[in-house]
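Engineer: Structure provided below as structure tokens; questions to follow.
Taken together, the values in this text are just the output of simple stated rules run on the coordinates, not laboratory data. This structure is a prediction, so every number in the text was calculated from the model and none was measured. Methodologically, a virtual Cβ is constructed for each residue, glycine included, from the backbone with ideal geometry; neighbour enumeration extends over all protein chains shown.
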Amino acid sequence: MKQIVLPGGESVPALGLGTWCIGDERKLRGEEIATLQLALDLGLRLIDTAEMYGEGRAESLIGEALLGRRDEAFIVSKVYPHNASRRDAVAACERSLRRLRTEHIDLYLLHWRGSVPLQETLEAFLALQAAGKIRHFGVSNFDLDDMREWAALDGAAATATNQVLYNLGRRGVEWDLLPWQRARSMPLMAYSPIEQGRLLRERKLIDFAARHGFSPSQAALAWLLAQEDVIVIPKTGQRQRLRENLAAAEIQLDAAQLAELEHLYPAPRGAVPLAML
């Protein structure tokens, strides 16, 4: 499995598992737990979640699935903006820890920017890190202006990542945000890499994938994984889809294939507002 090095020197898999909406339906719980456990078996040990996902249901399901296997996983979770004050972020983290049945979260992110001053959130993250409650911290859904403001704060140099919407159809980050992060050796974490399934229904991607012998989702994931500093977290609660996603990590798109995708999904020609889902 390809590895991405975080600013602190730790390596994580370039392909992980997202958990948006996982845990919402009881009838799916058994398959979702089996999928999380299979992910560990197959080496997809990076699992992304958030307190927002099902108001804690996703974290609770992950905690159940990882019983006895916590050390095999790299858990990413996120705090609501309205819980991102010095006091409330600590309390929110404690609740996430209880749901996840763990003593620490490997990477803790501010889910998006809210009204709480960034300095206050960063101080809370640093306090949680000093207490051993989180190992790394970062942000999510930050545009370039947000990142510049965050990076200017004391203690922000250890920021591990910025998790943003990035896929073949949403390439706006390539204009300014991604180059800025690359200059600082800060990986980008790409959520919704298949646009919540919408990319998979586009005829141009379907035709491209068919010509080259893989599925549309594998094409979309392989394009992101071809980059040296992008972590990709497709969501699935199905073992069959998980195996399909994992196979994308073995696809090496050649120059002609990359050029074809570039033609089908061109890069931005100027700055665009940061996209969010």
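Engineer: Can you tell me which of 178-190, 68-80 comes out highest on packing, and rank the rest after it, using the mean Cβ neighbours within 10 Å? Walk me through the numbers on the way to the answer.
Structural biologist: Working: 178-190: 17.5, 68-80: 19.5.
Result, highest mean first: 68-80, 178-190.
Engineer: What dipole magnitude, in Debye to the nearest 20, does segment 81-174 give about its Cα centre under +1 on Lys/Arg Cβ and -1 on Asp/Glu Cβ?
Structural biologist: 460 debye
Engineer: Find the centroid of the Cα atoms in segment 152-198 and in segment 1-68, then give the distance between the two in whole Å.
Structural biologist: 20 Å
Engineer: Between segment 98-145 and segment 214-268, how far is it from one alpha carbon centroid to the other, in angstrom?
Structural biologist: A separation of 29 Å, based on Cα centres.
Engineer: Need one number: nm distance between label points at Glu25 and Arg148, each 7 Å from Cα along Cα→Cβ, rounded to one decimal.
Structural biologist: It is 4.5 nm.
Engineer: So what's Rg/Rh here for segment 105-214, counting alpha carbon atoms and using the Kirkwood radius for Rh?
Structural biologist: Value, to two decimals: 1.08.
Engineer: Counting other Cβ atoms within 10 Å of each Cβ, which GluC sites (Glu not before Pro) in segment 246-277 have at most 13 and sit in a DSSP loop?
Structural biologist: In loop regions of segment 246-277 (DSSP not H, G, I, E or B), the sparsely surrounded GluC sites (Glu not before Pro) are Glu250.
Engineer: Going by how many other beta carbons lie within 10 Å of each one, how would you line up Thr159, Thr102, fewest first?
Structural biologist: Values: Thr159 25, Thr102 20.
Fewest-to-most Cβ neighbours within 10 Å comes out as Thr102, Thr159.
Engineer: Counting only residues 5 or more places away or on other chains, whose amide H sits under 5 Å from the amide H of Ile4 once H atoms are built in the peptide plane?
Structural biologist: Close amide H contacts, sequence-distant or interchain: Val12, Ala14.
Engineer: Please give the charge dipole size of segment 14-264, origin at the Cα centre, charges +1 on K and R Cβ atoms and -1 on D and E Cβ atoms. Round to the nearest 20 debye.
Structural biologist: Roughly 660 debye for segment 14-264.
Engineer: Given 0.36 nm per residue, what is the gain on full extension from Gln119 to Leu258 after removing their alpha carbon distance, in nm?
Structural biologist: Residue separation times 0.36 nm, minus the Cα-Cα distance, leaves 46.0 nm.
Engineer: Quick check on segment 14-264: of the DSSP beta bridges with both residues there, what percent are antiparallel, nearest 5%?
Structural biologist: Details: 1 of 26 bridges.
Taking every DSSP beta bridge within segment 14-264, about 5 percent pair in antiparallel fashion.
Engineer: For the chain, evaluate the Debye formula with one uniform point scatterer on each Cα (no solvent term) and list log10 I(q)/I(0) at q = 0.14, 0.15 Å⁻¹, rounded to two decimals.
Structural biologist: -0.98, -1.13
Engineer: For segment 183-277, what ratio Rg/Rh do Cα atoms give with a Kirkwood hydrodynamic radius?
Structural biologist: We get a ratio of 0.95 for segment 183-277.
Engineer: Run the simple label-point estimate for Ala91 and Gln37 please: 7 Å along Cα→C-beta, distance reported in nm.
Structural biologist: Using points 7 Å along Cα→Cβ, the separation is 3.6 nm.
Engineer: To continue, here is another question. Using the Cα centre of the chain as origin and beta-carbon charges of +1 (Lys, Arg) and -1 (Asp, Glu), tell me which of Ala156, Pro234, Leu122 is placed farthest towards the positive end of the dipole.
Structural biologist: Pro234
Engineer: Give me a comma-separated list of calculated 3J(HN,Hα) values for segment 145-161, in order, Karplus coefficients 6.51, -1.76, 1.60 applied at θ = phi - 60°, integers in Hz, x for any Gly or Pro.
Structural biologist: 4, 4, 5, 4, 5, 5, 5, 7, 7, 5, x, 6, 4, 8, 4, 7, 6
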